[in-house]
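Heads up: the structure comes next, in structure tokens.
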Amino acid sequence: MRKLNWKKTVAVSAALALCVGTLAGCGSKQAAAPAESKAAEEKTETVQEATEEAEAAEGEEVLTVWCWDPNFNVYAMKQAEALYQKEHPNFKLDIQEKVYTDIEQSLITAAEAGNYDTLPDIFLMQDYSFHKDVANYPEIFTELTDSGIDFSQFSGGKLADSTVDGKHYGIPFDNGATIMAIRSDMVEKAGLTVEDFKDTTWSEFMELAKKVVDANGVPMLTSSGGSEIVIEMLQSAGASPMQDGEVKLVDNAALKKAIEVYKQLIEEGIMVDYTDWDQYIASMNKGEAAGVIQGCWIMSSIQAAEDQSGEWAIVNMPALDEIDGATNYANCGGASWAVSSNCKNTELAFDFLNATFGSSVDLYDELLPNAGVIASYLPAAASDAYGEASEFYGGQAVYKDIVEFAGKVPGIDYGAYYSDIRSALTDAITNVVQNGADVETEIQNAQDTVEFNISE
């Protein structure tokens, strides 16, 4: 039962008392003066308005939300609010825009102080943070497993990021499915087609890529931060770097193969790797590379080169050779909505999330063109909005393809140590490529580093 707000109750009572007093005063005179009648009428109207406002406020159902991007996730929440209000007119969101680092620090501060009253009802969280924060600060979260949300309708690879010990702690927001975006004009100059690059292995891809490099005089791929594409290769093979809470970098055949592939890409001039992000983006926009493998969010940067409209296409990434279960699908980045332990009305929070991000194709259809939000909600792929041809990508229904890619991503476990694993692998890859270090030795060093960090 909802608690009555005593201030609002008093306001209503006072208003009613005033109304009674006013009416009694009017009845004591047989003929009130015009001015007095008008004043009494205005008082009555004021009282009625105050009463209606107080009663309306008493019926409000409010949830507080933390998120960070006004043109992306904040906008999405506002649209979700408007959608839910169609059936729940008294519903309201208090959306508070906060920098993500501030959100995460506020969560940690609350947990370490043991005071969760400062937390909102709902907050957006980067996927890579879930395992770490659920492991270290489980009291922050409300489990969503029995919330009524049908998690089977989302990408399994995406869900793995916010699922800990088989329990759900996040409902997916944006899609981070990995794509290989390639210049169709450069591919055709090499006597090839976009179709040739679909469903390839890395060895097959390299043979095709060499022809594109020779024909155009630029690398086939551009990259930023070697560990990122290696981790995507790892996920595409379903090879977790953590198993049963233990670091599993050594004796991980997929990881060894991924680093060897990365080294070959660099040494043979098929891929160029930039440490500067702006240079990385410029290499695409200036035609200094024929393609890129990245999370689908890279599309906004690709499309900044309006003069290249119609010259790009999207396919899935290559699969690792000689690795059992290797696929052409991975995920890179994204965020999910969480419900805090401070939420006093979890039933309302569950119903709101279920009715919007958990099931509404209409919501995702609105967010796609207006905010660039690509859904991880699989049924969205069947909608007209996702089936529309993209002029920039040569008439391809790219968003439908991306959602379908997302549905095929293997789930892997990074445990609570994603940042440690990525940092250690970055050092290993750098030593292998730049210093000629032995792959297996560097993998062992990476494992030792992560294990040391865990033990502290």
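Considering region 234-279, and only residues there that are on the phi > 0 side of the Ramachandran plot and not small (Gly, Ala, Ser), the residue that is farthest from the chain's Cα centre (by Cα) turns out to be ASP251. Highlighted here are the helices (runs of 4 or more DSSP H) found entirely within region 184-261 that include at least 2 residues which are under 29 Å from TYR414 (Cβ atoms) and among the acidic types (Asp, Glu): 226-236.
Looking only at residues in region 398-418 that are surrounded by fewer than 23 Cβ atoms within 10 Å (Cβ to Cβ) and free of Cβ contacts under 8 Å to residues at least 40 places away in the same chain, the one that is nearest to ASN252 (Cα to Cα) is GLU404.
If you filter region 280-301 down to residues that are in contact (Cβ under 8 Å) with a residue 60 or more places away in the chain and under 19 Å from the mean Cα position of the chain (by Cα), you find that the one that is farthest from ALA375 (Cα to Cα) is ILE293. Residues that are crowded, with 17+ Cβ neighbours inside 10 Å, more than 18 Å from the chain's Cα centre (by Cα) and not in a loop (DSSP other than H, G, I, E, B) within region 372-385 comprise just one, ALA385. Scanning region 304-324 for residues that are closer than 23 Å to GLY334 by Cα and surrounded by fewer than 17 Cβ atoms within 10 Å (Cβ to Cβ) turns up just one, ALA304. Restricting GLN79, GLN85, GLN96, GLN30 to residues that are within 16 Å of LEU353 (Cβ to Cβ) and either modelled with pLDDT under 90 or out of contact with any helix residue (DSSP H, G or I) (no Cβ under 9 Å at 6 or more places or on another chain) (or both) narrows the list to GLN85. Taking the conditions exactly as written (free of Cβ contacts under 8 Å to residues at least 12 places away in the same chain and either in contact with a Phe, Trp or Tyr (Cβ under 6 Å, 6 or more places away or on another chain) or closer than 23 Å to TYR128 by Cβ (or both)), does ASP244 satisfy them or not? Answer is yes for this residue.
Within region 341-371, being part of a helix (DSSP H, G or I), within 30 Å of SER390 (Cβ to Cβ) and hydroxyl-bearing (Ser, Thr, Tyr) holds for one residue alone: TYR364. All conditions but one from (1) in contact with a strand residue (DSSP E or B) (Cβ under 9 Å, 6 or more places away or on another chain); (2) modelled with pLDDT of 95 or more; (3) assigned by TED's automatic domain parsing to the domain that holds ALA80 apply to THR356; the one that does not is (1). Taking region 437-456 as the range and being among the small types (Gly, Ala, Ser) and at pLDDT 95 or above as the test, the residues that pass are ALA437, ALA446.
Among the conditions (1) small (Gly, Ala, Ser); (2) surrounded by 21 or more Cβ atoms within 10 Å (Cβ to Cβ); (3) assigned by TED's automatic domain parsing to the domain that holds MET284, SER162 misses just one, which is (3). Taken together, the residues in region 201-219 that are among the small types (Gly, Ala, Ser) and either under 35 Å from the mean Cα position of the chain (by Cα) or modelled with pLDDT under 95 (or both) amount to 2.
Filtering ILE412, ILE421 for residues that are among the hydrophobic types (A, V, I, L, M, F, W, C), out of contact with any strand residue (DSSP E or B) (no Cβ under 6 Å at 6 or more places or on another chain), within 30 Å of GLY166 (Cβ to Cβ) and not assigned by TED's automatic domain parsing to the domain that holds ASP307 leaves a single hit, ILE412.
Within region 428-443, count every residue that is surrounded by 15 or more Cβ atoms within 10 Å (Cβ to Cβ) and assigned to a helix (DSSP H, G or I). Qualifying residue count, region 428-443: 9.
The values are calculated or read from the model by the stated rules, or taken from the named source; none is laboratory data. This one's a predicted model, so the numbers in the text were calculated from it and none came from an experiment. Cβ: placed from backbone, ideal geometry, glycine included. Neighbour counts: every protein chain shown.
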